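Since the structure comes first, as structure tokens, the remarks are kept for the end.
The values are calculated or read from the model by the stated rules, or taken from the named source; none is laboratory data. Keep in mind that this is a model prediction, so the values were computed, not measured. Ideal geometry is used to build each Cβ from the backbone, glycine not excepted, and the neighbour counts take in all protein chains shown. These accessible areas exclude ligands, DNA and RNA; they are computed on the full protein's heavy atoms, side chains included. Shrake-Rupley method; radii C 1.70, N 1.55, O 1.52, S 1.80 Å.
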Amino acid sequence: MINFKKEVAKLINSIVNIPIDELEEYIEIPKDSNMGDYAFPCFKLAKTLKKAPTQIAEKIKNGIKNIPECIENIEVVGGYINFYIEKNILIKEVIQEIDLKKSEYGKTDIGNNENIVIDYSSPNIAKPFHIGHLRSTVIGGALYNIYNFLGYNSIGINHLGDYGTQFGKLIEGYKRWGTEYDIENNPIEELTKIYIRINELCKEDEQVLEECRNNFKKLEEKDEYCTKIWSKFRELSLKEFERIYEMLGSKFDSLNGEAFYSDKMPEVIEILEKTGKLKESEGARIIDLEEQGMPPCLIEKSNGSTTYATRDLAAILYRARTYNFKKALYVTSYEQVLHFKQIFEVAKLLGLEEKYTNNLEHIPFGMVLLKTGKMSTREGNVIKLEELLNESIKRVEKIIEEKNPSLEPEEKKKIAKKVGIGAVIFNDLANSRIKDEIFDWDQILNFNGETGPYIQYTYVRTNSVLNKVNEIPSINKIDYSALNKKESIEILKLIYSYTDTVKLAALKNEPSIIARYLIDLSHAFSSFYNENKIICEDKNIQDAYIYLTYATNTVLKSSAELLGIKMPKKM
Ligand code: ARG
């Protein structure tokens, strides 16, 4: 497709001595298309050229010669030069590209198949999968798809919390009271009970605490009995997590959790020792980070046990060696900001090339706040995620029942699953990830709000339009000029910008940019739909409108899938 922005940049470059790439970064896309399709702000040049922005704008505009066919008009408004693109060319470019690529529309290979390691979800064994893990799963999963779409090779790692001193306690509790609990059928809840009970006992009895510590030591030394019980906890917990992953459609390339690094930590400690920076402190070993303005990073506890941080350091070494990554991302709540700052700092001591240590990135996200209502909170404050997803599906089933009672019961169920889960996913991604999110059923499931159900509903609408005709018209028959009006151009401009939008989402690791895009595209289609009769007497117009509907349908589905949202055909 023609790169309109680049064409604009070339024109400016013919007058101003700034590289085209840099100019492209300055060029803006005005919110109001009356101000042009692209605008160049001259304020940036005012200082160096020692002239008023308006004067500069005039000078550039007047100097431009050989305006290409794809630029219709150039205007100066204030300190801006506004460029209007030739709409008939935009229409032709977009339609031809959709026709060529179909459902692959928008994909690129700029990623050169380089590896992007994404550490996400990462719940803890024998503990509830909570709503924070849901956010990590959803955000990480979206990033995974986004990078793949751009031609990178995403590697999804579920860094399970399957190691640490708490397992010493769990093993002890299980040893003592295992038979009293039904951990086969209800592992997480039952193991949580055991954990609470053993903790109580540890508080009363120093001897028991010592036993627990011992168990963990034994686990680290690969003691057969301890390892066997631990494996059982891990397997049963994973089976429970699997149910949630199945609902969300989450997939991972690796389930190497913390335990996987147990035999890889001695090397980390050895390397750190050699740097001379590993210091004794109250019997423990630490890396001092005072100079960097942070508390010390605990590498080895006073009893010789390793820590969460050490395991993450071993994981960095392993991931650099195994995946030769272009970037390694870590998706967790902002509560772990300090942890990642610390380990990224310490990672610089591991002797890795800078291309690795400079490309470790924490992707923090905000908390989920509950608008109190009826949501089961059996584990104190922890919401059981599976219940939440099922509740969403149930609520949607009710809404569908009202809106479309004639659907087959089986179909209704399938749709409710897509919509109920899609609603929760969309809500998780709708706002900039660092913001705290308020969980409110009425908002999440509002079919008219900026929600998952709304975009799905728009998609369904495009489908029902397409179902009214026998086939998508061949593009040779399409009269492009029929699409040269405000509402259709809005849609085509959005479709044109799809790849750039995905690139921006990757650059900022911000799936909400795609969520916003989906809302904008849905709004644009709704306006078009409300203003125009698609199935009409004029066959020329109908064909063009049908094609536009098909293009919208294609991109809505593609971009929703980037977020992990499945689109129903009906609802
Ligand atoms: N298991 C941790 C938690 O639930 C998250 C792990 C994140 N990944 C990592 N490499 N530290 O908080």
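How do His362, His159 stack up against each other in accessible area, from largest to smallest, with a 1.4 angstrom probe?
Sorted descending by solvent-accessible area, the residues read His362, His159.
What is the antiparallel percent of DSSP beta bridges lying wholly in the chain, to the nearest 5?
Here the antiparallel bridges make up roughly 50 percent for the chain.
Can you pull the semi-axes for the stretch 181-228, root of five times each eigenvalue of the Cα gyration tensor, sorted largest first, whole Å?
20, 18, 6
With a/c under 1.5 counting as rounded, go ahead and sort the stretch 43-133 into rounded, prolate or oblate using the C-alpha gyration tensor (a ≥ b ≥ c being the square roots of the eigenvalues; past the cut-off, prolate if a/b is larger than b/c, else oblate).
Judged from the Cα gyration tensor, the stretch 43-133 comes out oblate (a/c at least 1.5, b/c at or above a/b).
Can you sort Val419, Val469 by solvent-accessible area, 1.4 Å probe, largest first?
Largest to smallest exposure gives the sequence Val469, Val419.
Hey, what does the equivalent ellipsoid look like for the chain, semi-axes from the Cα gyration tensor as sqrt of 5 times each eigenvalue, largest first, whole Å?
Three semi-axes, in Å: 51, 33, 18.
Roughly what angle does helix 165-177 make with the longest principal axis of the chain, taking Cα atoms, 0 to 90 degrees, to the nearest 10?
60 degrees
Which shape class, rounded, prolate or oblate, goes with the stretch 319-462 when its Cα gyration tensor gives a ≥ b ≥ c as root eigenvalues, a/c under 1.5 marks rounded, and past that a/b bigger than b/c marks prolate?
Taking the square roots of the gyration eigenvalues as a ≥ b ≥ c, the stretch 319-462 is prolate.
Accessible area per residue of the chain at 1.4 Å probe, in Å²?
With the other protein chains kept in place, the chain gives 47 Å² per residue.
Between Glu72 and Ser432, 0.36 nm times their residue separation minus their Cα-Cα distance comes to what?
126.0 nm
Relative contact order for the chain: what percent, with Cα pairs under 8 Å and sequence separation of 6 or more?
14 percent
What number does the stretch 145-277 give for Rg over Rh if you use C-alpha atoms and the Kirkwood radius?
1.06
What order do Phe260, Phe344 take when sorted by accessible area (1.4 Å probe), most exposed first?
Heavy-atom accessible area, descending, gives Phe260, Phe344.
How charged is the neighbourhood of Glu114? Take every other residue with its Cβ under 14 Å from the Cβ of Glu114, and add Lys/Arg as +1 and Asp/Glu as -1.
Residues close to Glu114 contribute a combined charge of +3.
Counting only protein heavy atoms, what percent of the accessible surface of the stretch 497-571 is carbon or sulfur at a 1.4 Å probe?
Heavy-atom surface of the stretch 497-571 belonging to carbon and sulfur, 1.4 Å probe: 50 percent.
Run lengths n ≥ 4 of DSSP H only: what is the helix-derived mean residue ellipticity at 222 nm for the chain, with -39500 (n - 2.57) per run over all residues, to the nearest 500?
That calculation yields -17500 deg cm²/dmol at 222 nm.
Over all alpha-carbon pairs of the stretch 454-571, lay out the pair-distance distribution in 5 Å bins, whole %, shortest bin first.
Once binned at 5 Å, the Cα pair distances of the stretch 454-571 give 2, 11, 23, 23, 19, 12, 6, 2, 1, 0.
What does the charge dipole of the chain about its Cα centre add up to, to the nearest 20 debye, if the Cβ of each Lys and Arg holds +1 and the Cβ of each Asp and Glu holds -1?
1120 debye
How big is the accessible area of Tyr225 in square angstrom, nearest 10, if you roll a 1.4 angstrom probe over the protein chains?
Approximately 110 Å² of Tyr225 is accessible to the 1.4 Å probe.
How far, in degrees from 0 to 90, does helix 206-220 lean away from the longest principal axis of the Cα atoms of the chain, to the nearest 10?
The answer is roughly 60 degrees.
For the stretch 24-177, what class follows from the C-alpha gyration tensor (a ≥ b ≥ c being the square roots of its eigenvalues): rounded when a/c is under 1.5, otherwise prolate if a/b is larger than b/c, else oblate?
It is prolate, given that a/c is not under 1.5 and a/b is the larger ratio.
How much of the accessible area of the stretch 1-107, probe 1.4 Å, is carbon plus sulfur, in whole percent?
Here it works out to 49 percent.
Measure off, as a whole percent, the carbon and sulfur share of the 1.4 Å-probe accessible area of the stretch 119-193, all protein chains present.
42 percent
Assuming 1.002 mPa s and 20 °C, estimate D for the stretch 436-510 with Stokes-Einstein, Rh taken as the Kirkwood radius over Cα pairs, in µm²/s.
In µm²/s, the coefficient is 135.
Taking the stretch 470-509, which trypsin sites (Lys or Arg not before Pro) meet the DSSP loop condition and have no more than 14 other C-beta atoms within 10 Å?
Within the stretch 470-509, the qualifying trypsin sites (Lys or Arg not before Pro) (loop, at most 14 other Cβ atoms within 10 Å) are Lys485, Lys508.
Using the charge dipole of the stretch 434-480 (Lys, Arg: +1 at Cβ; Asp, Glu: -1 at Cβ; taken about the Cα centre), state which of Asn467, Tyr454, Ile438 has its Cα farthest towards the positive end.
So the residue furthest toward the plus end is Asn467.
Once the Cα atoms of the stretch 385-525 are picked out, what are the Rg and Dmax in Å?
17.5, 52
Can you tell me the orientation of helix 452-467 relative to the chain, as the angle in degrees between its alpha-carbon axis and the longest Cα principal axis, to the nearest 10?
Once rounded, one gets 50 degrees.
Between the stretch 466-533 and the stretch 64-117, what is the C-alpha centre distance in whole Å?
14 Å
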